[in-house]
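These notes concern the structure reproduced below.
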Amino acid sequence: MTQAGTSALPVESLSVVVPVYNSQPSLALLVQALAAELPSLAGQYEVILVNDGSRDASWEEIQRLCQLYPWLRGINLMRNYGQHNALLCGLRSARFAVTVTMDDDLQHPPSEIPAMLAKLNEGYDVVYGFPRKLPHALWRNLFSRLTKKVLAFVMGIPTVSEISAFRAFRTHLRDASLHYQSPGVIIDVLLSWGTSRFTSVPVHEEPRKIGHSNYNFARLAAQVFLILTGFSTVPLRIASWVGFLFTLFGLAVFIYVVAIYFTLGSIPGFPFLASIISLFSGMQMFALGIFGEYLARIFDRSMDRPTYVIHQQTPPVSDKDV
């Protein structure tokens, strides 16, 4: 934590939260880039690195960096809980009025933070920095856009489709989810519980130079299911409407069979009957699968599993550094 002159600065105080996972080689470069940018952004600032159960020496690197930069703080979680869980941990530890979240892979340049803060000062509560050009493969970009559309729909803010892990928002929004306690976390949904003033700005995103992405198709698909079944009742409503439509279809088939019986004196044979049974059986299994997914979410929450558990932290900054 540090303090500088507050004249003509974008914000009075700023917390930067970075979830860390197997990123030892990039941490020093990231902190150096932040050190060059933060003094011009806020009178008081801090950076919180949340180690999310990394398998490399990321935590040791965080401890080393904290000795070099007094405004840097480190939090080490007991195990890997997930990116959004680590973000929630950092958000709840943030001390200042505005929070910025960014990835640890150097794809989010700190030099783009002023653009988000300027938009925030226009009266918005959450500002996303979305890349002008998506950096991933075609399938990943398409699936990412689908995930963002689903997320925006669940948040009830369909106009915000450019959702990103590069965010700037007012820290008091965490109060709307202060008592949230569940292993399934989507930060953007929790933020939407406190405000509807969302917007986005285009930013430059660097190509990843160190390591590789931890997200694959299976993880992205799991996140979509979490968004839909953990924070929305849309799948249940879909199951209800599909059930209603199949009921109407069954009634139409019954009328058809009766009409055939009275006009031709016979009814369709076994293939027709088997097709109808298979159709309705498939619909029932579909609905049961949706119900089962919701039961699994309820089961997870009934076990009272923690969202995250902190193993250790670097020593807090003393008041003389404020």
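See the values below:
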quantity: Residue order, fewest to most beta carbons within 10 Å, for Lys149, Lys119, Lys133; calculated: Lys133, Lys149, Lys119
quantity: Footprinting exposure proxy for Val242, Val189 (fewest neighbouring C-beta atoms within 10 Å first); calculated: Val242, Val189
quantity: Which of Thr229, Thr195, Thr247 has the fewest Cβ neighbours within 10 Å, and the rest in rising order; calculated: Thr247, Thr195, Thr229
quantity: Pairwise FRET efficiency - Lys149 versus Arg79, Cβ, R0 = 41 Å, nearest 0.05; calculated: 0.80
quantity: Theoretical gain in end-to-end length, Arg92 to Asp304 [0.36 nm per residue, Cα-Cα removed]; calculated: 74.4 nm
quantity: Gain on full stretching of the segment that runs from Leu295 to Ala28 - 0.36 nm per residue minus C-alpha separation; calculated: 91.8 nm
quantity: Efficiency of FRET between Phe280 and Ala36 - r from beta-carbon atoms, R0 45 angstrom, step 0.05; calculated: 0.10
quantity: Length gained when the stretch His172-Leu248 is fully extended (0.36 nm per residue, less Cα-Cα span); calculated: 22.4 nm
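FYI, it's all coordinate maths here, none of it is from the lab. Bear in mind the structure is a predicted one, so any value in this text is a computation, not a measurement. All Cβ positions, glycine included, derive from the backbone under ideal geometry; neighbour counts span all protein chains shown.
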